[in-house]
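The values are calculated or read from the model by the stated rules, or taken from the named source; none is laboratory data. In this text, all values refer to a predicted model and were calculated from it rather than measured experimentally. Cβ coordinates were reconstructed from backbone atoms using ideal geometry, including for glycine residues, and neighbour counts include every protein chain displayed. Just so you know, the surface numbers come from the protein's heavy atoms only, side chains and all, with ligands and any DNA or RNA stripped out. Shrake-Rupley method; radii C 1.70, N 1.55, O 1.52, S 1.80 Å.
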Amino acid sequence: MPEQKEKLTIVMFSGDLDKALAAFTIATTAASMGMEVSIFFTFWGLNIIKKNDAKLKANNFARRMLNIINRGGTRRMTISKYNMMGLGTSMMKGLMKDVKMPSVDEYITMAHEMGIKMIACSTTCDVMGIPEEAFRPEVTVKAGAAYYLGEAREAKVSLFI
Amino acid sequence: MASETLDCVGLYCPMPIVKTAQKMKELKPGDVLEVVADDKGIKQDMPAWCKATGNECLSIKEEGSEIHVFVKKT
């Protein structure tokens, strides 16, 4: 008899390195406890799931500018405080490597293997002019708020990070 | 007593739990897994994980800096 799995939904609004790691830590732990997890990446969160070498063409000036300063990709992620022009982020990455904390790339692979659904917000993609090919293969769905709420209303735990 | 051992020394939360979950999938009901870790968090994490997944946390033994947790698959 299949039991109903408890659901966890996470809205990943932030694109910061530290916040992403917190989200993935909770997500993978939940999955390891048998929960069904989905992560909705929106706004700055889309940067986490863009390919590092994504081609971002855009049809107007504002989007082109945005895609230049907001290239995204795990390689360009910074911590939310004390970034200090990248110095803080490097030092924090060093500390995390010391305790063998997985990187965001490793977490994304792990999450995918554990069946965690990673979803890109379709509206934000249109607003920012991000094409589907810009995302990593682990991202399976492009969806909107109704899809998110469909999951969230059945979820036992819902987080906004 | 343990059917298998999982070495998580040097790994911090959530890795010991994630690895335990993965390893447990390979075991048969009744098998006992010995998880060795040095992250003190496991003393709370493992009982919580067992409660959530319906497995049995048999014992938690501290030997110096290492914590040995015995988990039985139900």
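Each residue of the stretch A:16-32 was assigned a 3J(HN,Hα) from its phi angle through the Karplus curve 6.51 cos²θ - 1.76 cosθ + 1.60 (θ = phi - 60°); the sequence is 6, 4, 5, 5, 5, 5, 4, 4, 5, 4, 5, 4, 5, 5, 4, 4, 6 Hz, with glycine and proline shown as x. Please report the spacing between the Cα centers of the stretch B:16-74 and the stretch A:1-79 in Å, no decimals. So the separation of the two Cα centres works out to 30 Å.
A:E36's amide H: which non-local residues (gap 5+, or another chain) put their own amide H closer than 5 Å, with H modeled 1.01 Å from N in plane and none for Pro or chain starts? Amide H to amide H, under 5 Å and 5 or more residues apart or across chains, A:E36 pairs with A:E6, A:K7, A:L8. Here the Gaussian network model covers chain A, with springs between Cα atoms less than 10 Å apart; of A:E151, A:E106, A:E36, A:E106 fluctuates the most.
Of all DSSP bridge pairs formed entirely within the protein assembly as shown, close to 40 percent run antiparallel. Applying the criteria of a DSSP loop state and at most 16 other Cβ atoms within 10 Å to the trypsin sites (Lys or Arg not before Pro) of chain B yields B:K40.
Put A:K50, A:K81 in order of accessible area, highest first, and with a 1.4 Å probe you get A:K81, A:K50. For the protein assembly as shown, the dipole from Cβ point charges (+1 on Lys and Arg, -1 on Asp and Glu) about the Cα centre works out to 980 debye, to the nearest 20.
Residues whose amide H lies under 5 Å from that of A:K51, counting only those 5 or more places away or on a different chain, are A:F135, A:R136; hydrogens are built 1.01 Å from N in the peptide plane. What a 1.4 Å probe finds exposed on the stretch A:1-148 is 60% carbon and sulfur by accessible area, rounded to a whole percent. The phi torsions of the stretch B:32-41, fed into the Karplus equation with coefficients 6.51, -1.76 and 1.60 and a -60° offset, translate into couplings of 10, 10, 9, 9, 10, 9, 10, 8, 4, x Hz, rounded to whole numbers, with Gly and Pro shown as x. Checking the Cα-Cα distances for A:K5/A:K55; A:K50/B:K72; A:K81/B:K23; A:K7/A:K100; A:K100/B:K23 against a 31 Å cut-off, the pairs over it are A:K5/A:K55; A:K50/B:K72; A:K81/B:K23.
The calculated Kirkwood hydrodynamic radius for chain A is 16.3 Å, given to one decimal from all distinct C-alpha pairs. Chain B against chain A buries an accessible area of about 900 Å², both chains summed, 1.4 Å probe radius. Suppose every K and R has +1 on its Cβ and every D and E has -1 on its Cβ; what is the size of the dipole of chain B about the Cα centre, in Debye to the nearest 20? Once rounded to the nearest 20, the dipole reads 360 debye. Charge dipole (Cα centre; +1 on Lys/Arg Cβ, -1 on Asp/Glu Cβ; no other charges) of the stretch A:41-161 amounts to roughly 400 debye. Against the empirical 2.2 N^0.38 Å (N residues), the stretch A:120-161 has a Cα radius of gyration ratio of 1.31. Beta bridges assigned by DSSP with both partners in chain B are antiparallel in approximately 70 percent of cases. Select from A:M35, A:M65, A:M118 the residue whose mean-square fluctuation is largest in a Gaussian network model of chain A (Cα-Cα springs shorter than 10 Å). Looking only at A:M35, A:M65, A:M118, the largest GNM fluctuation is found for A:M65. Once Lys and Arg get +1 and Asp and Glu get -1 on their Cβ, which of B:C8, B:P29, A:M110 lies farthest toward the positive end of the dipole of the protein assembly as shown? With unit charges placed on the Cβ atoms, the residue in question is A:M110. Partnerless cysteines in the protein assembly as shown, where a partner means another cysteine C-beta under 4.7 angstrom, comprise A:C121, A:C125, B:C8, B:C13.
In the protein assembly as shown, helical runs assigned H by DSSP with n ≥ 4 each contribute -39500 (n - 2.57); averaged across all residues and rounded to the nearest 500, the mean residue ellipticity at 222 nm is -11000 deg cm²/dmol. On full extension, the segment bounded by A:I69 and A:L87 gains 4.6 nm, given 0.36 nm per residue less the C-alpha separation. With θ taken as phi - 60° and the Karplus curve 6.51 cos²θ - 1.76 cosθ + 1.60 applied, the whole-hertz 3J(HN,Hα) list for the stretch A:94-106 is x, 4, 6, 5, 4, 9, 6, 6, x, 7, 4, 4, 5 Hz, x standing for glycine and proline.
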